[in-house]
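Computed from the coordinates by the stated procedures, all read-outs in this text should not be read as laboratory data. The structure displayed is predicted, hence computed values, not measured ones. Cβ atoms come from the backbone with ideal geometry, glycine included; neighbour counts cover every protein chain shown.
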Protein chains: 2
Amino acid sequence: MPESTPHPFDLATALTDASDGVQRGNTSEAYANMVGPFGGITAATLLRAVQRHPDCLGDPLSLTVNYAAPITDGAFGVRARPARTNRSTQHWAIELVQDGAVTTTATAVTGIRRDTWSSTEVAAPDAPPFDQVEPAPPLGFIKWIDNYELRFVVGAIPEEASGEQDDSTSTLWVRDQPARPLDHAALTALCDVFYPRVFLRQGRYVPAGTVSLTVYFHARAEELAAQGTEPVLATARAQRFGAGFFDQSAQLFGRNGAVLATSHQLVYFKA
Amino acid sequence: MPESTPHPFDLATALTDASDGVQRGNTSEAYANMVGPFGGITAATLLRAVQRHPDCLGDPLSLTVNYAAPITDGAFGVRARPARTNRSTQHWAIELVQDGAVTTTATAVTGIRRDTWSSTEVAAPDAPPFDQVEPAPPLGFIKWIDNYELRFVVGAIPEEASGEQDDSTSTLWVRDQPARPLDHAALTALCDVFYPRVFLRQGRYVPAGTVSLTVYFHARAEELAAQGTEPVLATARAQRFGAGFFDQSAQLFGRNGAVLATSHQLVYFKA
């Protein structure tokens with residue numbers, strides 16, 4: 001890819017400033033899901049809106065995105081407002097709006113990080129090296145997946161003969177396709193790269209969609225820059241399914257087993 | 001306690017309606033933390049503001065609270081606004097305000113739950129029965145803790161001779177003190193009942209405070225009602241500490257190992 005061509009991720013999350021303080025964007029066909037855009041690209045776009053805001057303080061620390069309604073293909077506006085700015089942290093209130101109606105609500109915290117005592121308690125799951133794992137075959141009917149190189153170690157996307165399983169864990173190597181240096185926005189989208197855990201448990205596709213997604217950013221910009229285009233080892237599982245919803249907790253590991261992000265979501269399902 | 005005396009939790013989370021649509025509350029001395037109120041009581045108060053709103057649809061599904069600034073002892077206002085109402089889910093934008101300044105931002109999702117396929121993947125940690133575990137001694141200098149009966153199975157609050165540990169897990173039996181029937185608001189506060197994990201790892205107290213807290217509610221109102229005043233088995237651990245922040249993931253188990261809530265937070269620390 002020549003250097004002058006923007007990466008599809010950057011095109012999909014691009015925003016421009018309007019005179020009313022609203023940032024304008026457009027959905028990207030490349031990141032389309034069954035209905036509306038891939039939730040991860042929406043989350044990444046909202047983080048971008050914070051990061052490109054002239055008042056933004058420091059690196060992303062946390063982000064919560066609530067998927068209130070489907071986003072229609074086409075133009076949208078993002079209102080990102082610093083609700084409170086302290087000396088070293090800043091709290092954001094964010095809304096994605098289409099035709100005057102809120103489709104997505106979000107909050108974010110950014111801040112200046114300083115060196116402190118550090119420790120990682122969680123270990124990356126066992127996995128063969130990236131190049132020894134088979135790439136997942138293209139799905140065809142879900143466009144956004146083509147923007148990711150997915151290599152499942154366990155818990156691949158179920159096929160007709162997969163049947164029910166009693167463990168909802170998926171572990172996979174993943175990176176942007178074509179490869180793209182990792183940053184906080186791309187990491188945000190990666191946190192939502194797991195298909196609904198109920199598919200894996202039931203061995204079939206059922207109606208499902210993320211209701212709320214939270215990302216905790218553990219890696220600073222420098223650590224993500226050092227990760228470059230190397231694949232990330234991502235793992236996710238559910239804890240409880242019932243009464244129309246389940247949760248999912250995920251960990252994304254970078255070079256040398258560093259936890260780049262931990263992420264959680266609540267997912268609607270019908271089964 | 002005679003039936004006519006409200007429980008301290010209900011007094012601390014009480015709100016009244018003002019003519020401007022803002023709900024008014026007051027901090028409670030009984031739930032005071034080192035600086036400002038216990039984060040769990042603030043989260044519970046914000047959930048209450050949603051639940052008592054005349055337009056509220058269904059049960060709580062998720063809640064995210066961002067602690068933007070200390071809350072000063074005294075009066076505060078809560079603005080809880082339904083940003084989007086669908087047929088079976090509703091998305092809330094919430095702010096706690098003092099003297100015109102935002103101290104806390106939050107979002108919540110409520111909705112109507114329907115019976116579906118259900119499964120619990122996560123098991124409660126091993127623990128002796130409640131009545132075979134010693135109650136934690138009162139701390140004295142942190143008032144809100146007196147409102148909880150805490151019985152630590154592992155990871156008790158460190159004392160001077162505790163020393164460093166390599167595992168941040170705390171598991172404890174916990175319930176309101178005096179006992180009070182469990183509901184979503186009380187469960188929300190319980191999700192923040194763990195002291196900062198960095199204390200346990202370092203074997204000492206350091207400056208620390210929750211930046212963002214998320215609760216996923218797995219139990220419906222009926223399930224919480226069936227729990228009554230029985231103690232909850234709660235467990236929490238961190239995944240990565242570094243550059244001034246760590247995360248914490250928690251699970252709260254009720255009768256028969258039911259996962260009542262899963263909860264996550266990002267915590268600031270200095271060490």
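Summary table below
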quantity: Inter-copy separations for residue B:167, label at 7 Å along Cα-Cβ, nm, ascending; calculated: 2.0
quantity: Estimated FRET transfer efficiency (residue B:154, residue A:14; beta-carbon r; R0 60 Å; 0.05); calculated: 0.75
quantity: FRET E, pair residue A:24, residue A:132, Förster distance 35 Å, beta-carbon r, rounded to 0.05; calculated: 0.20
quantity: Among B:210, B:161, B:195 - extreme Cα towards positive end, dipole of the stretch B:148-218, charges at beta-carbon; calculated: B:210
quantity: Rounded to whole Å, sorted largest first: equivalent-ellipsoid semi-axes of the stretch B:127-173, Cα gyration tensor; calculated: 18, 17, 9
quantity: Theoretical ellipticity at 222 nm over chain A - DSSP helices of four or more residues, -39500 (n - 2.57) apiece, nearest 500; calculated: -3500 deg cm²/dmol
quantity: Rounded to whole Hz, the Karplus (6.51, -1.76, 1.60) HN-Hα couplings of the stretch B:221-230, x for glycine and proline; calculated: 4, 4, 5, 5, 4, 5, 5, x, 9, 5
quantity: Dimensions in Å of the stretch B:191-258 - Rg and Dmax from alpha carbons; calculated: 14.5, 43
quantity: Ascending list, in nanometres, of distances separating the residue A:20 label from those of the other copies (7 Å, Cα toward Cβ); calculated: 2.5
quantity: Qualifying trypsin sites (Lys or Arg not before Pro) in the stretch A:222-271, DSSP loop, other Cβ atoms within 10 Å at most 14; calculated: A:270
quantity: For chain B, the fraction of alpha-carbon pairs in successive 5 Å shells from zero, as %; calculated: 1, 6, 13, 17, 20, 18, 13, 8, 4, 1, 0, 0
quantity: For the stretch B:68-197, the fraction of alpha-carbon pairs in successive 5 Å shells from zero, as %; calculated: 2, 7, 12, 14, 16, 15, 14, 12, 6, 2, 0, 0
quantity: Where only C-alpha atoms are counted, convex hull volume of the stretch A:151-271 per residue in Å³; calculated: 101
quantity: The protein assembly as shown - Kirkwood radius from inverse mean 1/r over Cα pairs (Å); calculated: 23.6
quantity: Ranking of B:263, A:162 by count of other Cβ atoms within 10 Å, fewest first; calculated: A:162, B:263
quantity: Nitroxide proxy distance, nm - points 7 Å out along Cα→Cβ at residue A:142 and residue B:112; calculated: 2.8
quantity: For the stretch A:1-75, radius of gyration divided by Kirkwood radius, i.e. Rg to Rh on alpha-carbons; calculated: 0.97
quantity: Scattering curve values for the stretch A:16-145, log₁₀ I(q)/I(0), Debye with Cα scatterers, q = 0.21 Å⁻¹; calculated: -1.14
quantity: Chain B: most fluctuating residue of B:107, B:64, B:229 per GNM, C-alpha cutoff 10 Å; calculated: B:229
